[in-house]
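Novice: Encoded as structure tokens, here's the structure I'll be asking about.
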Amino acid sequence: MGVEKELEAADGGAARALKDLFAGAVGGVAQVLLGQPFDIVKVRLQTTQQYTGALDAATKIYKNEGPSAFYKGTLTPLIGIGACVSVQFGAFHYARRAFESSNTTKHASPHLSYAQYYASGAFAGIANTVLSSPIEHIRIRLQTQPHGADRLYSGPIDCMRKLSAHEGVLKGLYRGTAVTYLREAQAYGVWFTTFEYLMNTDAKRNGIRRDEVSTLKVAFYGGLAGEALWIASYPLDVVKSKMQTDEFGAKQKYKSMRDCFAQVWRTEGMGGFWRGVGPTLLRAMPVSAGTFATVEMTMRLIS
């Protein structure tokens, strides 16, 4: 009987993990489609000085490159970010269930502390970095390359090949991974913690189960979690973007993550770490709302 129960538990755990991964993938597709136009404006503001603000950047991109420019480099994140969000939710719920099991054994209650929620989110971010670092590097290179005949890359595969050819896969394609680890851990620790706090508080206040919280509220709480994510991690994202748009070889401007931090501080001051935060926060609300609402609805449907 003991062996049968263990097999049943294993099968149940595998099924839950597959559901988490599938729901995350669906949420990732929604995230890219909602957020890509905002993201290209953010990256341009982070990495160049040619725009006076978000509206100026959006206007010039539209005027000089056409409306399709707002979806430059979309193929890579559409495939990749779907996988990334799938990993984020899968890893978060894996860590959450591990904490629940440990808490039940130690305290006879599965409920997580918010420090444990943060640790679960940070684990999700770290697990996600292996995928997100090269995917975002390719997307940023495609978003910031010259328009028209002067473009450097014909598409994501060509970009991947050329980045890897410079200094190998680790120093080329995976450039900026160290700061990406820091950003992802902080960002997703805050993201999941904020969302879980808001959901748990609502359920407790109204005397309902968590899965009875309305979809509209799920979306609103997800949007607020998105705002918290970027406020908590934006300076790290700026450094990542600068490193991933830097030149190679003799023209390389930043020698390391620490050097990039130092140069931004010296040349741009504190404000340099917050360039482009306006469109990022505008993007965060609908994108994060759509991601959490899509994931929650998908989970409820397949459960």
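The values are calculated or read from the model by the stated rules, or taken from the named source; none is laboratory data. This structure is a prediction, so every number in the text was calculated from the model and none was measured. All Cβ positions, even for glycine, are placed from backbone atoms using ideal geometry, and neighbour counts span all protein chains on display.
Novice: Would you list the helices (runs of 4 or more DSSP H) that sit entirely within the range 61-172 and hold 2 or more residues that are farther than 25 Å from V43 by Cα?
Specialist: Counting at least 2 such residues, we get 75-107, 114-144.
Novice: Given the conditions (1) more than 24 Å from the chain's Cα centre (by Cα); (2) among the small types (G, A, S); (3) exposed (fewer than 13 other Cβ atoms within 10 Å of the Cβ); (4) under 30 Å from A14 (Cβ atoms), and given that G207 satisfies all but one, which numbered condition is not satisfied?
Specialist: In the conditions (1) more than 24 Å from the chain's Cα centre (by Cα); (2) among the small types (G, A, S); (3) exposed (fewer than 13 other Cβ atoms within 10 Å of the Cβ); (4) under 30 Å from A14 (Cβ atoms), G207 misses (4) alone.
Novice: Only one of G290, G272, G226, G222 is part of a helix (DSSP H, G or I), in contact (Cβ under 8 Å) with a residue 24 or more places away in the chain and more than 30 Å from D20 (Cβ to Cβ); which?
Specialist: G272
So that you can scan it fast, the table gives a plain yes or no per residue for (1) closer than 21 Å to K253 by Cα; (2) touching a Lys or Arg at 6+ places or on another chain (Cβ under 6 Å); (3) buried (at least 23 other Cβ atoms within 10 Å of the Cβ); (4) of a type in the set (F, W, Y):
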| position | (1), (2), (3), (4) |
| --- | --- |
| K162 | yes, no, no, no |
| E167 | yes, no, no, no |
| R175 | yes, no, yes, no |
| Q186 | no, no, no, no |
| F192 | no, no, yes, yes |
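Novice: Look at L229 and say whether it is crowded, with 18+ Cβ neighbours inside 10 Å and within 16 Å of I140 (Cα to Cα).
Specialist: Considered against the rule, which asks whether it is crowded, with 18+ Cβ neighbours inside 10 Å and within 16 Å of I140 (Cα to Cα), L229 comes out as no.
Novice: Please state which one of D11, D56 is more than 15 Å from the chain's Cα centre (by Cα), modelled with pLDDT of 70 or more, of a type in the set (D, E) and assigned to a helix (DSSP H, G or I).
Specialist: Working: D11 fails: modelled with pLDDT of 70 or more.
Only one candidate passes the filter, namely D56.
Novice: Follow-up. Which numbered condition in (1) assigned to a helix (DSSP H, G or I); (2) under 27 Å from E184 (Cβ atoms); (3) without any contact (Cβ under 8 Å) to a residue 24 or more places away in the chain is the only one that E247 fails?
Specialist: (1)
Novice: Another question, if that's okay. Starting from the range 202-217, keep only residues that are at negative phi, then list their pairs with residues that are outside any helix (DSSP H, G or I) and exposed (fewer than 11 other Cβ atoms within 10 Å of the Cβ) whose Cβ atoms are within a distance under 8 Å, requiring at least 6 positions of separation or different chains.
Specialist: A203/R209
Novice: So, in the range 111-132, of the ones that are closer than 29 Å to R209 by Cα and among the hydroxyl-bearing types (S, T, Y), which residue ends up surrounded by the most Cβ atoms within 10 Å (Cβ to Cβ)? Break it down into steps so the answer makes sense when it comes.
Specialist: Filtering the range 111-132 down to residues closer than 29 Å to R209 by Cα leaves 111-125.
If we keep only those that are among the hydroxyl-bearing types (S, T, Y) as well, we get 113-114, 117-118, 120.
Details: S113: 10, Y114: 12, Y117: 23, Y118: 21, S120: 26.
Out of the qualifying residues, it is S120.
Novice: Would it be correct to say that L236 is modelled with pLDDT of 95 or more, surrounded by fewer than 22 Cβ atoms within 10 Å (Cβ to Cβ) and part of a helix (DSSP H, G or I)?
Specialist: yes
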